[in-house]
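For reference, the structure discussed in these notes is given below.
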Amino acid sequence: MIKFKSLNQNKEFLKILKKKRINTKYFTIYFNKNSENINKYLNISFVMKKKTGNAVIRNKIKRKLKYAVQKICRESKIIDLNYTYVIFGKNNVYKDKFINVLNEVNETFKKINQKSI
């Protein structure tokens with residue numbers, strides 16, 4: 001199983017937020033190619049805005065998105081470890097079923113792979 005490594009510093013987030021992005025119904029994902037070639041960890045961060053519900057709702061949205069990414073990592077190898085991802089969750093994740101969120105995450109990472117090739 002691939003371990004997740006979250007971004008820690010503000011300058012790392014700001015650097016990624018200036019790069020490419022894809023908007024969907026459930027989330028916005030920012031991505032950029034890594035400068036170092038470390039294939040041990042998946043550099044990914046899950047972020048929520050303070051305006052989105054209370055802490056329970058925000059954490060549930062992050063858990064759903066995180067589990068969707070973990071499931072895709074286990075089943076198929078479409079997530080490139082040479083990229084850094086920042087995922088901003090939206091309120092629709094909380095309202096809809098997990099299978100819809102999983103399909104959307106899967107399609108988005110396929111688009112990212114096509115753009116990178």
Name the one entry in K71, K25, K33 that is charged (D, E, K, R) and free of Cβ contacts under 8 Å to residues at least 60 places away in the same chain. K71
Could you figure out which of (1) over 16 Å from the mean Cα position of the chain (by Cα); (2) surrounded by 13 or more Cβ atoms within 10 Å (Cβ to Cβ) isn't true of K50? (2)
Within segment 7-47, of all residues that are of a type in the set (S, T, N, Q) and surrounded by 13 or more Cβ atoms within 10 Å (Cβ to Cβ), the one farthest from N113 (Cα to Cα) is S45
Pull up segment 73-117, narrow it to residues that are crowded, with 17+ Cβ neighbours inside 10 Å, more than 16 Å from N32 (Cβ to Cβ) and among the aliphatic types (A, V, I, L, M), then point me to the one that is nearest to the chain's Cα centre (by Cα). V105
Can you name the number of the only condition in (1) within 19 Å of F109 (Cβ to Cβ); (2) at pLDDT below 90 that I61 fails? (2)
Going through segment 53-72 one residue at a time, which ones are crowded, with 20+ Cβ neighbours inside 10 Å and out of contact with any strand residue (DSSP E or B) (no Cβ under 7 Å at 6 or more places or on another chain)? R58, K64, A68
Would a scan of segment 97-111 turn up a residue that is in contact (Cβ under 8 Å) with a residue 60 or more places away in the chain and in a loop (DSSP other than H, G, I, E, B)? no
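The values are calculated or read from the model by the stated rules, or taken from the named source; none is laboratory data. Nothing here was measured: the structure is a model prediction, and the numbers come from that model. Using ideal geometry, Cβ is built from the backbone for each residue, glycine included, and neighbour counts are taken over all protein chains shown.
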